[in-house]
Every structure is written in C-alpha cells, then in structure tokens.
Amino acid sequence: MKNKTNKGTVDTAPETAPAVSEEKKEDQPKNNSREKIAGTKGEALIIVNDLFKSFGDHKVLRGITTEIDKGEVVAIIGPSGCGKSTFLRSLNLLEVPDSGTIRFEGTDITDKSVDINKMREKMGMVFQQFNLFRNLTIKQNIMLAPTKLGKMTKEQASARADELLKRIGLSDKANAYPGSLSGGQQQRVAIIRALAMNPDVMLFDEPTSALDPEMVGEVLSLMKELADTGMTMVIVTHEMGFAREVADRVLFIIEGVIAEENTPDEFFANPVNPRLKDFLSKVL
C-alpha cells in the first residue's frame, strides 16, 4: 500500500501489488497504482493519471499518477533509463502514452479529438540539444514560431525577441548564427525562443547535460530567474544542487514509477525509499 507521511510519498509494501485489470496484471509493477498527489501551489495545471508507455517489450512508464500546479517548479531525478525523459515528453505528447490520461488546463490532451498542436503552443519545451535552426540568425530563430503560428506580427515578434535577448545579455548576438555561439549561449537562446510564445508551462529535458561544465551555471541561472517569475516548470535534471535550491517538489522515478516525492529539504535530507537512498549516495 501507499502511505503519505511527513516524509512524502513512498512505497511501503514492495512485495505486493494492488488489484489490476486482467489485461495489465501479468507485468504490473509493484507500485503501479499510486494515490494522486497534489502539487504544492493549490491550482492544478497538469493532472496525470495512471500513465503507461512501452517501447516494444520494454515497459518504460508503469502507471504514473501526479499533479503539477500552476506556478510550481517540479524537478524529476532518477538513474539513466528510468523513464523520466519519456514521462516529460509525454506531457505534451511528443511521446504518446499507451494508456492513462493527461489533463492540461482542464483538457484531456490524450483525447484524439484534441488539437495537440494548439495545446503545445502553451507548453514550451527545451531539449538536451539546442535544436536551433542553424541557417537562421538568433533573432530569426526566436521570431519564427510566433509569426508562423500567427501569434504575433513580425513587428511584435521582433520587439519580443529584442526584449528577450536583452534579458539574457545577448542583444549583440541578434544577427549572429547559432554556430558562432557557445553551447551555454545557444541553450539560453533555446530557452528564450520557447518563452517567446508566452507559454503557461516550461518543460526542460536535461537542459545542461550537453554543456561543458563551465557553461552549466549560466543556463541554471536563467532557469532560476524564470522560476522566480512564477513560471510553471517541469525539469528532468542531474543537477542535484539546482533541484534542491529551486524546486518546490522533487520526484524520484525508478523503473517507470514515482518511487518517492517530497519537498527538496525532506527529499535530500531524509529519503525513505531504499533505491532513492542508494541513488543519492552515488550522486551527492
């Protein structure tokens, strides 16, 4: 069974599983049927219920249920291959789950009748690789989506791009091409490119993992500033110090389930799940 304690939500009965439907019973994980955990801010923006995803015979997500509140910063950690990036990419259906539901601002985006591209306009995404168009200038990269999607005129998008470049101290790079920027600069541009659409949530898939160590700080600094503005953020990260400092809540995913979640102070100081204890002993 699952118990909510002052140490968060943990798996307290790893040897038994709750009753499940016959079609999923054979390979069901031990803690697949999670109690829905509310976020920390009080107004749910994203509600995930019983999410499953497999690639062939490999079960990647095994019944994830959680909520992300408006204005909440949620950090997701776990070992490589645990399902954390697949879970993040499922939130805007870059990975389509096999079953389960995802409600974003009240709309079930897993419903095939929903225009997912319209939903994605409100969900900024930043990847490990910068994914900037190398044949476009930095300013053109930032202006592209708002103008192509009819969200802004060229004049409005130009002003927005100038504003965002000034914010990150790269106004002098507006007419430069991505190849002339450092990795840290390119990732900062990738972040503000997503912000140009004025999204309601920002999804980050290990945004510093492809950077040289000396460039990590400038990207994390921008993300901290973004969190301070009240932006809802879901971040898959290996940066434990950043998760401890910036997140409102930290999730530990292992073998496709959320094995533990808590506030950063409790999560790092008093972990309960044995797998989390072992993981933290290796990364801290």
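The values are calculated or read from the model by the stated rules, or taken from the named source; none is laboratory data. These numbers were taken from a predicted model, which means no experiment stands behind them. We place every Cβ from the backbone using ideal geometry, glycine too, and count neighbours over all the protein chains shown. In case anyone asks, the SASA skips ligands and DNA or RNA and just uses the protein heavy atoms, side chains included. Shrake-Rupley method; radii C 1.70, N 1.55, O 1.52, S 1.80 Å.
Would you confirm whether any residue within the stretch 180-203 is of a type in the set (D, E, K, R), at pLDDT 95 or above and outside any helix (DSSP H, G or I)? Steps first, answer last, please.
First pass over the stretch 180-203, keeping only residues of a type in the set (D, E, K, R): 188, 193, 200.
Cutting the leftovers down to at pLDDT 95 or above gives us 188, 193, 200.
Now drop any that are not outside any helix (DSSP H, G or I), which leaves 200.
Yes, the conditions are met somewhere in the stretch 180-203.
So which residues in the stretch 192-217 are hydrophobic (A, V, I, L, M, F, W, C) and under 13 Å from the mean Cα position of the chain (by Cα), if there are any at all?
Residues of the stretch 192-217 hydrophobic (A, V, I, L, M, F, W, C): 192, 194-197, 201-204, 210-211, 215-216.
Once the filter is applied, which keeps residues that are hydrophobic (A, V, I, L, M, F, W, C) and under 13 Å from the mean Cα position of the chain (by Cα), the stretch 192-217 yields 201, 202, 203, 204.
Hey, residue 67 hits all of (1) free of Cβ contacts under 8 Å to residues at least 40 places away in the same chain; (2) part of a loop (DSSP other than H, G, I, E, B) but one; which does it fall short on?
(2) is the only condition that residue 67 fails.
Within the stretch 70-99, how many residues are within 20 Å of residue 256 (Cβ to Cβ) and outside any helix (DSSP H, G or I)? If you could, list the steps in order and put the result at the bottom.
Looking only at the stretch 70-99, we keep the residues that are within 20 Å of residue 256 (Cβ to Cβ), and these are 74-99.
Narrowing the set further to residues that are outside any helix (DSSP H, G or I) leaves 74-83, 91-99.
Adding up the residues that qualify gives 19.
Taking the options 200, 228, name whichever one is farther than 26 Å from residue 52 by Cα and of a type outside the set (Lys, Arg). Explain how you work it out, then say what you get.
On the way: 200 fails: farther than 26 Å from residue 52 by Cα.
None of the other options fit; the residue is 228.
Starting from residues that are surrounded by fewer than 18 Cβ atoms within 10 Å (Cβ to Cβ) and charged (D, E, K, R), keep the ones in the stretch 175-215 and report whichever is nearest to residue 74 (Cα to Cα).
Taking the candidates together, the pick is 200.
Every residue in the stretch 96-118 that is touching a Leu at 6+ places or on another chain (Cβ under 9 Å) and under 20 Å from residue 236 (Cβ atoms), please.
If the condition is that a residue be touching a Leu at 6+ places or on another chain (Cβ under 9 Å) and under 20 Å from residue 236 (Cβ atoms), then 97, 100, 102, 104, 109 are the ones that fit.
Read through the list (1) open to solvent by 30 Å² or more (accessible area, probe 1.4 Å); (2) within 26 Å of residue 226 (Cα to Cα); (3) of a type in the set (Asp, Glu), then give the number of the only condition that residue 72 fails.
Answer for residue 72: the failing condition is (1).
Where in the stretch 100-174 are there helices (runs of 4 or more DSSP H), lying fully within it, with 2 or more residues that are surrounded by 15 or more Cβ atoms within 10 Å (Cβ to Cβ) and small (Gly, Ala, Ser)? Full working, then the answer.
On the way: elements: 116-120, 138-148, 154-167.
In the stretch 100-174, the matching helices (runs of 4 or more DSSP H) lie at 154-167.
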